[in-house]
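Student: One structure is given below, represented as structure tokens, and several questions about it will come after.
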Amino acid sequence: VQLQASGGGLVQPGGSLRLSCAASGSISSINYMGWYRQAPGKQRELIAGITSSGSPHYADSVKGRCTISKDSAKNTVRLEMTSLEQENTAIYYCNAVVLSKNYWGRGTLVTVSS
């Protein structure tokens, strides 16, 4: 499984951003896909995920401000983020789980700054 994340960039506080993760390879075997973020000096954390059947779940820190969705026809998972804050500045990573094995995309940098 190969993952290609895109959509990061600079956004002002209070702004919105949409990240996309395109999956290729053995995508029919993917059980779960998620978005993680790693802020400077902090551990990588799971912020949102979606099962193969389309059930989403969110970390408490992003509930109400993030929406994860999947487009099965395009093999893509998207993360819509709103009301972004400076503390949300991080590298955002796409993740896929196949039979308990984790696959990672390269990460896309999101900078929230005025």
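Student: Quick one: Karplus J couplings for region 36-43, per residue in order, coefficients 6.51, -1.76, 1.60, θ = phi - 60°, nearest Hz, x for Gly and Pro?
Tutor: 10, 9, 10, 7, x, x, 10, 6
Student: For the chain, what does the accessible surface come to per residue with a 1.4 Å probe? Please give it in Å².
Tutor: Here the residues of the chain average 54 Å² of exposed surface.
Student: May I ask you to give the percent of accessible area on the chain that is carbon plus sulfur, with a probe radius of 1.4 Å?
Tutor: Answer for the chain: carbon and sulfur cover 46 percent of the accessible area.
Student: Under 13 Å from a point placed 7 Å out from the Cα of residue 69 along the Cα-to-Cβ direction: which residues of region 1-18 have their backbone N that close?
Tutor: Counting only backbone N, you get 18.
Student: P(r) of the chain in 10 Å steps, Cα pairs, percent per bin?
Tutor: Per 10 Å bin, starting at zero, the Cα-Cα P(r) for the chain comes out as 15, 51, 28, 6, 0 percent.
Student: Starting from the Cα-Cα distance between residue 45 and residue 12, subtract it from 0.36 nm times their residue separation and give me the gain in nm to one decimal.
Tutor: Contour length minus Cα-Cα distance gives 9.6 nm.
Student: Please work out whether region 1-59 counts as rounded, prolate or oblate from its C-alpha gyration tensor, where a ≥ b ≥ c are the square roots of the eigenvalues and a/c under 1.5 means rounded, while otherwise a/b larger than b/c means prolate and anything else oblate?
Tutor: Verdict is prolate for region 1-59.
Student: For residue 101, list the lysines whose Cα falls under 24 Å from its own Cα; do not include residues on the same chain fewer than 8 positions away.
Tutor: Qualifying lysines at Cα under 24 Å: 42, 70, 74.
Student: On the full set of protein chains, 1.4 Å probe, figure out the accessible area of residue 58 and give it in Å² to the nearest 10.
Tutor: Residue 58 exposes around 60 Å² with every protein chain in place.
The values are calculated or read from the model by the stated rules, or taken from the named source; none is laboratory data. Predicted model only: the values in this text are computed from it and were never measured. Every residue, glycine among them, receives a Cβ derived from its backbone with ideal geometry; neighbour counts consider all protein chains shown. SASA here: full protein model, heavy atoms, side chains in, ligands and nucleic acids out. Shrake-Rupley method; radii C 1.70, N 1.55, O 1.52, S 1.80 Å.
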